[in-house]
1. Taking +1 at the Cβ of each Lys and Arg and -1 at the Cβ of each Asp and Glu, which of Met21, Leu126, Leu109 sits farthest along the dipole of the chain towards its positive end, judged by Cα position relative to the Cα centre?
2. Compute the distance from the alpha-carbon center of segment 33-64 to that of segment 105-142, in whole Å.
3. Output ³J(HN,Hα) for segment 126-140: one whole-Hz value per residue in order, computed from phi by the Karplus curve 6.51 cos²θ - 1.76 cosθ + 1.60 with θ = phi - 60°, and x for Gly and Pro.
4. If amide hydrogens are placed 1.01 Å from N in the peptide plane, which non-local residues have theirs closer than 5 Å to the one on Ile34?
5. Between His16 and Lys84, 0.36 nm times their residue separation minus their Cα-Cα distance comes to what?
6. Based on DSSP H runs of at least 4 residues, each adding -39500 (n - 2.57), what is the mean residue ellipticity at 222 nm of the chain after dividing by all its residues, to the nearest 500 deg cm²/dmol?
7. Any idea what Rg and Dmax come out to for the chain if you just take the C-alpha atoms, in Å?
8. If you consider only alpha-carbon coordinates, what radius of gyration and Dmax does segment 64-146 have, in Å?
Amino acid sequence: MPEGSERLEDDKEAIHCFAMMKDRIIAVGRLHLISPSSDGEAKDHDGPGATTIPAFGPLAPNDLSCRPAVQIRQMGTVADQRRKGFAKQLLQLLEEAGKSHFHAKAGFLQAREIAIEFYEHSGWKLIDEPYSIGKIGLHRSMMKRF
């Protein structure tokens, strides 16, 4: 992906989390509040050629059972540090921040197919069929009630 495509329009309002080892960032994640008028449909990134991410079905605008809702995005761990618990710790921190900072009732995310099992082990549930995000591959939307 081109440099800059990691930036999103609402970065200043989002909560960013990362893990470091010595002077190297080894894992990252991001959390933001989903607007009360939004069903979660958005561009995947702010760079050129961005794919539109589909709406989260449970976020019908008039259904308040999941509101306030947050979205976790841009989770990643460098290859040589995977399966060491860093992503799990970041996910837990982001979930807690969603509850404490945004008073979220539910969280949503788009998981790469390879990461679905990781999220399921942390209590996240699949809520849709597979879809493709350009240049990245197949994803599934997931949800967790807090």
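The numbers here are math on the coordinates, done by the rules we state, and not lab data. From a predicted model like this one, the values you see are computed outputs, not experimental measurements. Here Cβ is always computed from backbone atoms with ideal geometry, including for glycine, and neighbour counts include all displayed protein chains.
1. Going by the charge dipole, the pick is Met21.
2. 14
3. So the J values, rounded to whole Hz, are 5, 10, 7, 8, x, 8, 9, 9, x, 6, 10, x, 5, 9, 9.
4. HN-HN under 5 Å from Ile34: Ala69, Val70, Gln71.
5. So the chain would gain 22.5 nm between His16 and Lys84.
6. For the chain, the value works out to -5000 deg cm²/dmol.
7. 14.6, 47
8. Cα-based Rg and Dmax for segment 64-146 come out at 12.9, 41 Å.
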